[in-house]
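Everything on this sheet refers to the single structure shown next.
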Amino acid sequence: MSDAAAKDTPKNAAKDIPEVEKERVDYKRLTIDGLWSNNVVFGQLLALCPLLAVTGTATNGLGMGLATTAVMVVSGLAVSLLRNAVTPEIRIPAFVLIIAAIVTLVDMAMNAWVHELYKVLGLFIPLIVTNCAILGRAEAFASKEGAIPALFDGLVMGIGFTFVLVLLGAVREIIGSGTLFANAPLLLGDAFAFLETTLIEDYRGFLLFILPPGGFLALGFILAGKRLIEARFDMDVEEPIGCAPTEGETA
């Protein structure tokens, strides 16, 4: 075989093929996905159980949102760092175990430092383990990306979820009780007592909006408002990052 032919063999040719650079993470797109287009509630309609159960006030929503955000950030980072050590066959049980361990730490921390709010949120703190949004982002994004993108994704997804919790809690609290951020010192300390506001003096209340059925109604109006905003400003919702079909699947 001639020298020219030897150079053209597949073995040698493979050496001349440059490695394909990994696509850079679009942080702007991740931010838009987490806060709006692929928001845990607005876009995916996940975590509705704690959403409707604890958002009787904006303070409760903020507390649950911060706890969930902490779990999403740390679990995303942990899953990303361990992604090469976990085999595909056991990845889901492994991810659940990681999330459960982090939720246990958050649960203990809240019980120690914000005990009064912890008593209000009750069982819904441990139930963060079953939040499909956390496991979904761990599987769809964190297990395929580096530590920094996974951490950032968990942060913006958590902030987006917290935003909806506070918004829904504020709407229900204002209509149901005429107050805003009631019992804020339980979560944020006495320095933030100024947030506790009575918006409607001598308000007799609207019990329906404090109860879960009122949560469904308020959430429906908020989702309708989001659709109207998107239609008004002609916002094109692109396919979220981390949700594209994997190899072998059809779109």
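FYI, it's all coordinate maths here, none of it is from the lab. Values in this document were obtained by computation on a predicted structure and should not be read as measured data. FYI the Cβ positions are ideal-geometry reconstructions off the backbone, even for glycines, and counts take in every protein chain you see.
Net charge near Ser75, counting Lys/Arg +1 and Asp/Glu -1 over other residues with Cβ under 15 Å of its Cβ?
0
May I ask you to derive the FRET efficiency for Lys28 and Ala109 from their Cβ-Cβ distance with R0 = 30 Å, giving the value to the nearest 0.05?
E between Lys28 and Ala109, to the nearest 0.05, is 0.40.
Quick one: dipole size for segment 32-189, taken about the Cα centre, charges +1 on Lys/Arg Cβ and -1 on Asp/Glu Cβ, in debye to the nearest 20.
60 debye
Cβ under 13 Å from Phe42's Cβ, Phe42 left aside: what net charge do those residues give with Lys, Arg +1 and Asp, Glu -1?
That works out to 0.
Across segment 24-232, what fraction of all alpha-carbon pairs, as a whole percent, falls in each successive 5 Å bin from zero upward?
Once binned at 5 Å, the Cα pair distances of segment 24-232 give 1, 8, 15, 18, 18, 16, 12, 7, 4, 1, 1, 0, 0.
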